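Take a look at the structure set out below.
Just so you know, all these numbers are worked out from the coordinates, no wet-lab data involved. These numbers were taken from a predicted model, which means no experiment stands behind them. Cβ placement follows ideal geometry from the backbone for every residue including glycine, while neighbour counts extend to all protein chains displayed.
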4 protein chains.
Amino acid sequence: MSTFPERLLEGYQSFMTGRYTAERQRYRDLAEAGQEPHTLVIACCDSRAAPETIFDCGPGELFVVRNVANLVPPYAPDSNYHATSAALEFAVQSLKIRQIVVMGHGRCGGIKAALDPNAAPLSPGDFIGQWMGLLKPAAQQIQDSQLMTGGERQVALERISIRNSLANLRSFPCVKILEDKGKMALHGAWFDISTGELWVMDPKSGDFFRPEPGLA
Amino acid sequence: MSTFPERLLEGYQSFMTGRYTAERQRYRDLAEAGQEPHTLVIACCDSRAAPETIFDCGPGELFVVRNVANLVPPYAPDSNYHATSAALEFAVQSLKIRQIVVMGHGRCGGIKAALDPNAAPLSPGDFIGQWMGLLKPAAQQIQDSQLMTGGERQVALERISIRNSLANLRSFPCVKILEDKGKMALHGAWFDISTGELWVMDPKSGDFFRPEPGLA
Amino acid sequence: MSTFPERLLEGYQSFMTGRYTAERQRYRDLAEAGQEPHTLVIACCDSRAAPETIFDCGPGELFVVRNVANLVPPYAPDSNYHATSAALEFAVQSLKIRQIVVMGHGRCGGIKAALDPNAAPLSPGDFIGQWMGLLKPAAQQIQDSQLMTGGERQVALERISIRNSLANLRSFPCVKILEDKGKMALHGAWFDISTGELWVMDPKSGDFFRPEPGLA
Amino acid sequence: MSTFPERLLEGYQSFMTGRYTAERQRYRDLAEAGQEPHTLVIACCDSRAAPETIFDCGPGELFVVRNVANLVPPYAPDSNYHATSAALEFAVQSLKIRQIVVMGHGRCGGIKAALDPNAAPLSPGDFIGQWMGLLKPAAQQIQDSQLMTGGERQVALERISIRNSLANLRSFPCVKILEDKGKMALHGAWFDISTGELWVMDPKSGDFFRPEPGLA
């Protein structure tokens, strides 16, 4: 079980003869000068929703955090390890990124688990249960909306989760202060795996809409 | 500050007319049947090292966690939120992924911060300081290796960090048990942004080597 | 205040020189032979969502009931006047229509009123209050979903209302019996006034989807 | 029996590439600003007499109630559901519509049923019987006019029914008060399916005439 996965070596070879060859100088410059990504994207681990793919972005463009269900925990300066908060701090304070996108997507397994009232822990540690607990009050409300279909409850919580992450982002002083000064922009986006549609969030109402209806 | 970033909308349009059009049916199938990614990749947030790009992987292939410096904390079943442990649990227990790659890269900003003895907290919360604290004993040892150049210390800690994450992965019972049964494979990889070289880890010695030297 | 509205006379003249001239024989045949519409559409009174316009249907095709918020009351054989039940009975029993579409739409004023907890009666008779009372339990549930935006609550109730009308249609023995025999088909549809998108209901899950994503 | 009717999807596609494309901005404006229809039309469900078609009206122009035989029940503020009264209340009190047209038509099936002395209930609920009961005294009188032909009795009751609906409209205080103040106008119209002729009602005498005899 010890050789490196063949599929990944093949993919790497394809990268080297394709994109890397075309962008060799860009990679060198990025290595020398350091990265200056224009956007921090907080996205899900899901294999069907990679930000670089959906936004067709090249090296150096997106600083990307990926965790289950693209959650941001609230600001909690304690002695624990905070993967997402650390990445946020690095992006804003060190890389000076001033544009953040929280991107959710349809059919999210984490959201599905959060909505399942009978979900058992996946392992004794129940890490997913704890993690999705960040959405617990919302998940319970939506679970009770039995007039909505399972699919509708899923999409509703996916979008609530994006707004929740945006609200938690604002609990970080560095984000709040910069946004209040008009120097930072927060955005929400939701990708429909099935149709390929991208929905973006109206910052005022929190509603999601397709930016250019005739696009797809 | 409220309109969705133009660059991302353009990129999305390019995705829709390009890759999505070519893989429309695949996206639909993935939405219907659910994802069955072959590999969990634990990678860095760095904008120059997206796993999908480097391994040229399409939708549905890689389940991807990205945090600063591709760290895995040790198994700690407590009541805190654990972004990385939750993703690991979901990947192994729910998606039944049996192949994990920890991928580091050169010029890693998190590693650089961990090596700087004078690094001040980036913000009062000091989230990066706490997070990189996961590497503290190793970082201090390397800092003291004053016979190595700055560049050598950086690469050394980047590779130590990958081995450290692999060791922490094995502190999770589900990973340990499956690996011991020969049902799970763990791998390390390191990407050199400047040259585009991929180095993979020899599972026995922990050394990194280029799988096909004549390739690039 | 007694002359017939000029705008309508002009519109009628345009109809006569246009569509009627082109379809003169069809109108005559329809007058002689009687109507045999293929579909009963239960739609809203809203001026922006006329079924004949949205489905581009000509004379003789659609038998159309329009009331506020496209509601169907449950089967109640009593001595009261039932506009919608009478139309349904006529369509199914006399015209032998075997295909029913309940069509809702975005920005529905009736649904909006049903969701407003402070809505005062529009007149002493409170006819809208009584009528939208058909949706009361659902409306209250959705009102409580304060994590959804106003726009999301509106769309959620619009779609619940369509499913509610379909369920009430099935409380009529004539519909239930024919459907159980596979001789009658019920459908749901939702029209987005803003984007022109038509969403149709999946009969199994009750979810709404765009029938051909690349269409618009 | 579960796929959405093909004919309607085709019609919708034709709408999207035709009228919607031409009026895209108008639909968006109507969605943003809300509807301000100039006229409430109370019409029949008949597939051959859609008001938007006959008056060639676009989106946003006509608020349309359609029930069998375009009836308006008398004002009855009780606890029952009143589809037509609710729509009237919404049109006058919420949308501030000040122009109402009751439009009947030739060959009306509901009127024909009302005139048939041997008409059996269409179903045990006898909803059409109850509903057309709104015209019962008039229908009996006309049934007894044996010197008129069947066709003449039909047209006579169709027009009586329009006048009856107009009288019932005036039993609603909100309509009566506004009309007495000269702020509301009520109109009658009758459409001949066979010839395409539109007849409008003289408000004083109640007679129907063709507004421009040389037109058709």
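Computed about the Cα centre, the dipole magnitude for the protein assembly as shown is approximately 560 debye when only Lys and Arg (+1) and Asp and Glu (-1) carry charge, each at its Cβ.
R0 = 30 Å: FRET efficiency of C:Ala76 with C:Gln143, Cβ-based, nearest 0.05?
E(calc), rounded to 0.05, equals 0.70.
Give me the net charge for the shell around C:Leu88: Cβ to Cβ below 14 angstrom, other residues only, Lys and Arg +1, Asp and Glu -1. My count for the surroundings of C:Leu88 gives +3. Here the Karplus curve 6.51 cos²θ - 1.76 cosθ + 1.60, taken at θ = phi - 60°, turns the phi angles of region A:29-42 into couplings of 4, 5, 5, 5, 7, x, 7, 9, x, 7, 9, 8, 10, 9 Hz, with x standing for Gly and Pro.
Rg to Rh for region A:70-178: what is it, with Cα atoms only and Rh by Kirkwood?
Numbers: Rg = 15.3 Å, Rh = 15.2 Å.
Using only Cα positions, Rg/Rh for region A:70-178 is 1.01.
A crude spin-label estimate for the pair C:Lys204 and B:Thr21, with each label 7 Å from Cα along the Cβ direction, gives 3.2 nm. Each Lys or Arg adds one and each Asp or Glu takes one away; over the other residues whose Cβ falls under 11 Å from the Cβ of A:Leu186, this sums to +3. Each Lys or Arg adds one and each Asp or Glu subtracts one; over the other residues with Cβ under 14 Å from the Cβ of D:Asp46, this totals -1.
Placing +1 on the Cβ of every Lys and Arg and -1 on the Cβ of every Asp and Glu, with nothing else charged, gives region D:73-216 a dipole about its Cα centre of roughly 380 debye.
Mean projected area of the convex hull spanned by the Cα atoms of chain B, taken over all viewing directions: 15.9 nm². Using just its DSSP H runs of length 4 or more, each adding -39500 (n - 2.57), chain D gives a mean residue ellipticity at 222 nm of -10500 deg cm²/dmol after division by all residues. Label point of D:Ser171 (7 Å along Cα→beta-carbon): distances to the other copies' equivalent points are 2.6, 6.0, 8.1 nm, sorted ascending. Across region B:184-199, computed HN-Hα scalar couplings (Karplus, 6.51 cos²θ - 1.76 cosθ + 1.60, θ = phi - 60°) run 9, 10, 10, 9, x, 8, 9, 10, 8, 4, 5, 9, x, 6, 9, 10 Hz from first to last residue, x flagging Gly and Pro. Residue by residue along D:162-172, Cβ atoms of other protein chains within 10 Å of the local Cβ number 0 on average.
Partner shielding of C:61-73 amounts to 6, given as the average count of beta-carbon atoms from other chains within 10 Å of each residue beta-carbon. For the pair D:Ala120 and C:Ser94, label points projected 7 Å from Cα toward Cβ lie 1.6 nm apart. Chain C residue nearest the rotation axis toward A, with distance: C:Ser145, 3 (Cβ to axis, whole Å). Compute for the protein assembly as shown: radius of gyration divided by Kirkwood radius, i.e. Rg/Rh, restricted to C-alpha atoms, rounded to two decimals. Ratio value, two decimals: 1.10.
Taking region A:35-209 as the region of interest, the number of lysine pairs whose Cα atoms are within less than 29 Å, with members eight or more places apart or on different chains, is 11. Please work out the Cα center distance from region A:95-136 to region B:150-216, rounded to the nearest Å. Cα centroid of region A:95-136 versus Cα centroid of region B:150-216: 28 Å apart. Residues in region B:3-17 carry Karplus couplings, in order, of 7, 5, x, 4, 4, 6, 5, 5, x, 5, 4, 5, 4, 5, 7 Hz; the curve used is 6.51 cos²θ - 1.76 cosθ + 1.60 with θ = phi - 60°, and Gly or Pro positions show x. Across identical copies of the chain, A:Glu32 has label-point separations of 4.8, 5.1, 8.7 nm, listed in ascending order, with the point defined 7 angstrom from Cα along Cα→Cβ. Here is how far apart the A:Asp202 label points are across copies: 2.7, 5.2, 6.2 nm, shortest first, using a point 7 Å from Cα toward Cβ.
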